[in-house]
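I have placed the structure first, in the form of C-alpha cells, so that the comments after it can refer back to it.
Read the figures in this text as sums done on the coordinates, not as results from a lab. None of these values were measured; they are calculated from a predicted model. When we count neighbours, we look across all protein chains shown, and the Cβ atoms used for this are built from the backbone with ideal geometry, even at glycine.
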C-alpha cells in the first residue's frame, strides 16, 4: 500500500478554490441510456450496491435519480462517500510476485459514483469536441479511433516518407501513467485550456480526500496523485493531461499516441543526421514528460530503423510487430499454441473461436493486405492443429477438406475480409468502386454528437391490431444451444418451430 499510495509531499497539495459554475442539467434520456448500458456482474464498491440495485431504484422512480444527479451537477460536487474505493492487486503476467511493481492496483468504485461519472463524461467530451482540444493523433479512448487505425496511419506515414529519408520509429511507454498524474500539474493544464469552472470543480471534488481501502489487512490510504484504475473519467482526463506532448511543429517528426503509449517517427537524410535528430527529439520529449511529472518505463521502450540498420526487435507477445519490411511474420509466429489433445473438442472449438482467432487477427485490418505465400502457409499450419482436433480426422487429411467439414473458413480469407472491410468502412477507399459505390454507404455519425432526445428509441411491446404475435427465445443446456419460435393469432397458438444451433453459439 505504501508503494502505490505513498504519503503526500507538500508539492502534491492541490491549491484550488472552487467557485460554482453553470452547467446544463442532465435530461432523463441521457440518464436512462447510461443506466441501461450498465453491465451486470461487475463487482460493487464499498457500499456493496451493485448495478442491479441501481437499475431497480431507477425503474421505480426515474425522477428521483435524475434530481439526485442534477443536484450534484448544480453544486459542481462529487459526493465524498462515493470517492472511496476498495483496492485489490492484480499480478502482471510473467512478473516476479515478490516485487511491488509486478502488481497493478485496481479500484472497485461505487456504482452510483460511476453513473455520475458517465454523465459527467458526456458533458466534458462534448466540450472537448466543440473546442477541438484533444489532438487528432491521440488514438486511445476516443470514439471513431482504434488501434488498427493508429497502426494504419503510422504505416502510411512511413511509406510516404521512406523514399526520401531514413526513418527511426521509437516506441515509448510511460510508467504507471494513470497512477502518477500530478494533481497540481493537471489543474494548470485544465486552466491553460480554458476549462469551465464546472469541470474543474467536479474534478477537484472527485479527487479531494479520496481514500482506498484494502480488505485483507484492514488498512486505508489517502490518495495524493493519479486516478483510480477503474475510473470512468480517468481516460479522458489522461488524454487532456498528455495532450501537450502531441503538439508538434517539427516537419521531421511525426508523433502519435495510443493512450499512454507514444510512437515517434523521426526522419533524416543521412545516418548521422538521423542519430542526432533522434537524440535531440528524445531529449525534448524527456523534458516535456518531466514537466508533467511522468517517467518512462525504459525496459519497454523500443526502436526500429527503416532504410538503414534494423535495430531491436519488438516484444512478440500481445503486440503487433512492425519490422523493417513492414511485415507480419514475427507476430504470426508468436501466436502458435500447443493443442491440448485430451481436451473436449467442443470446449476447444469455443476456445479457438473466442481466443485463438482473436489473437491471430489482432491488427489484421492493417497487415491483412500484405500476406505472402509463406505467411499464408504458416496460418494454414496453425489452423490445421485445431481442425484435426475438431474432426478427429487422420493426419493425412487435406486442410481444405477439414475447413469444409468444420465450416471454418481458412484464416487468410478471414484476414483478407477484415482488411477489405477496414478499407471500405474506415478508409472509404475507392479501389472497390467496381463492386459498389462507396458513396452510397452510411456515413458514421459519432454517438456523442446525436442530440440526447434522439438517442433513445422507445418501441411498443406490441403492435396494435396486428394479425399475428411472434415470440422467440434461446436456451443453452450442457453445451447444446437452440432457439424456438412461437406464433399466435387471436391469442391462440397456431404454430411452433424448434431449431438446433452449433455448439459454439450462445443464447445471444
Prolate/oblate/rounded label for the range 81-239 (Cα gyration tensor, a/c 1.5)
oblate
Given a cut-off of under 8 Å on Cα pairs at least six residues apart, what relative contact order in percent is computed for the range 459-507?
33 percent
Quick check: the distance between the Cα centres of the range 90-164 and the range 217-281, to the nearest angstrom?
11 Å
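Place the peptides 294-303, 44-53 in order of packing, highest mean first, counting for every residue the other Cβ atoms within 10 Å and averaging per peptide. Please report the intermediate quantities before stating the final value.
Details: 294-303: 14.4, 44-53: 16.4.
In descending order of packing, they fall as 44-53, 294-303.
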For the range 28-305, rounded, prolate or oblate, judged on the Cα gyration tensor with a ≥ b ≥ c (square roots of eigenvalues), a/c < 1.5 rounded, else prolate if a/b > b/c?
prolate
Work out how far the C-alpha atoms of the range 459-507 reach from end to end along every principal axis, then list the three figures in whole Å, largest first.
39, 25, 12
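When only C-alpha pairs under 8 Å and at least 6 residues apart count, what is the relative contact order of the chain, in percent? Let's see the in-between values first.
Values: 670 pairs, mean separation 74.1, N = 508.
That works out to 15 percent.
Given the rule -39500 (n - 2.57) for each run of at least 4 DSSP H residues, summed and divided by the residues of the chain, what is its mean residue ellipticity at 222 nm, to the nearest 500 deg cm²/dmol?
Rounded to the nearest 500, it is -11000 deg cm²/dmol.
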Note the direction-averaged projected area, equal to a quarter of the hull surface, for the Cα convex hull of the range 1-136, in nm².
11.9 nm²
Taking a point 7 angstrom from the Cα of residue 211 along the C-beta vector, which residues in the range 61-76 have backbone N less than 20 Å away?
none
Among beta bridges assigned by DSSP with both residues in the chain, the antiparallel ones amount in percent, to the nearest 5, to 95 percent
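At R0 = 22 Å, how high is the FRET efficiency between residue 146 and residue 284 if r is their beta carbon distance? Nearest 0.05 is fine.
E between residue 146 and residue 284, to the nearest 0.05, is 0.20.
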By the gyration tensor of its Cα atoms, with a ≥ b ≥ c the square roots of the eigenvalues, what is the shape of the chain: rounded for a/c under 1.5, prolate for a/b over b/c, or oblate?
oblate
Sort 207, 289, 28 so the one with the fewest other Cβ atoms within 10 Å of its own Cβ comes first.
28, 289, 207
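So if we plug the beta-carbon distance of residue 465 and residue 485 into 1/(1 + (r/R0)^6) with R0 = 22 Å, what FRET efficiency do we get, rounded to 0.05?
Numbers: r = 22 Å, r/R0 = 0.99.
It comes to 0.50.
Once the Cβ-Cβ distance between residue 404 and residue 47 is put in as r, and R0 is 41 Å, what FRET efficiency do you end up with, to the nearest 0.05?
For residue 404 and residue 47, the calculated efficiency is 0.15.
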Taking the mean number of other Cβ atoms within 10 Å as a proxy for protection, how do you rank 54-65, 101-112 from highest to lowest?
101-112, 54-65
